[in-house]
1. Does region 42-62 include one or more residues that are aliphatic (A, V, I, L, M) and surrounded by fewer than 13 Cβ atoms within 10 Å (Cβ to Cβ)?
2. Give the residue that is farthest from V55 (Cα to Cα), with candidates limited to residues of region 68-117 that are under 12 Å from the mean Cα position of the chain (by Cα) and of a type in the set (V, I, T).
3. Is it fair to say A59 is free of Cβ contacts under 8 Å to residues at least 24 places away in the same chain and farther than 13 Å from I38 by Cα?
4. Is it true that F105 is under 13 Å from L132 (Cβ atoms), among the hydrophobic types (A, V, I, L, M, F, W, C) and not in a helix (DSSP H, G or I)?
5. Do you know which residues across region 132-141 are over 13 Å from the mean Cα position of the chain (by Cα) and either buried (at least 19 other Cβ atoms within 10 Å of the Cβ) or of a type in the set (S, T, Y) (or both)?
6. So, F100, is that one out of contact with any Lys or Arg (no Cβ under 6 Å at 6 or more places or on another chain), within 28 Å of F147 (Cβ to Cβ), surrounded by 15 or more Cβ atoms within 10 Å (Cβ to Cβ) and aromatic (F, W, Y) or not?
7. Give region 52-88 a look and list any residue that's among the hydrophobic types (A, V, I, L, M, F, W, C) and not in a helix (DSSP H, G or I), or say none.
Amino acid sequence: MTVFLSPVLIGRLFFPEELSLTALDLPPLILDPVRMTIGLLILVGGFALFTTTLVAIGAVMPTAKEAGNFMGVMMALIFVPFYAVTLVVSDPQSVIVQIFTYFPFSAPVTALLRNAFGSLGLLEAGIEIVILFVGAAVMLRLAVRLFQYGSISYTSKVNVRTALRAGSRHPAADGPPTTAAGG
């Protein structure tokens, strides 16, 4: 707690007039339930998409060290929109912002920023939410499929194409069950 309060206390001691809270003029806080609901849905959809993607990566990689390389790529995809935040604020209809808005892995951050700044329309928000939840469902299905195949080969990387072509490990029997001879 001291670490967080020490800059405030030092500033208050040495610069009391600059830190005067009476001079702080904040606009009234506006609680918009529609924007808050959109933000919540984007947050949950983005979390679901990234979580299921990381589960799929974990199902394919035999060790955490190998999966760590892909984790760096996932983190980069999350933070790329922050490098274009000035463009998101100043020109939300630009091509790069639109690409970031509709590309599933950069969409949660971009859409949350646009929603916070008021430049995300209801139609765009609806499309974005559908993209995130459908992407999460697809990634969950892919993760389950990869895990079903990859759980038996835990010493080597799973070939994704082979796992997707393999189908279920437990095929359904086409005919009636057979009994032992003499029974």
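1. To start, the set of residues in region 42-62 that are aliphatic (A, V, I, L, M) comprises 42-44, 48-49, 54-57, 59-61.
In the following step, the residues that additionally are surrounded by fewer than 13 Cβ atoms within 10 Å (Cβ to Cβ) were identified as none.
Taking every residue of region 42-62 in turn, none turns out to be aliphatic (A, V, I, L, M) and surrounded by fewer than 13 Cβ atoms within 10 Å (Cβ to Cβ).
2. T110
3. Numbers: free of Cβ contacts under 8 Å to residues at least 24 places away in the same chain: no; farther than 13 Å from I38 by Cα: yes.
Answer is no for this residue.
4. Values: under 13 Å from L132 (Cβ atoms): yes; among the hydrophobic types (A, V, I, L, M, F, W, C): yes; not in a helix (DSSP H, G or I): yes.
In short, yes.
5. none
6. No, not satisfied.
7. Within region 52-88, the first condition is being among the hydrophobic types (A, V, I, L, M, F, W, C), and the residues that meet it are 54-57, 59-61, 64, 67, 70-71, 73-80, 82, 84-85, 87-88.
Once the filter is applied, which keeps residues that are among the hydrophobic types (A, V, I, L, M, F, W, C) and not in a helix (DSSP H, G or I), region 52-88 yields M61, A84.
Every number in this text was worked out from the coordinates using simple rules, so none of it is lab data. These figures come from a predicted structure and were not determined experimentally. Reconstructed Cβ throughout: ideal geometry from the backbone, glycine too, with neighbour counts over all protein chains shown.
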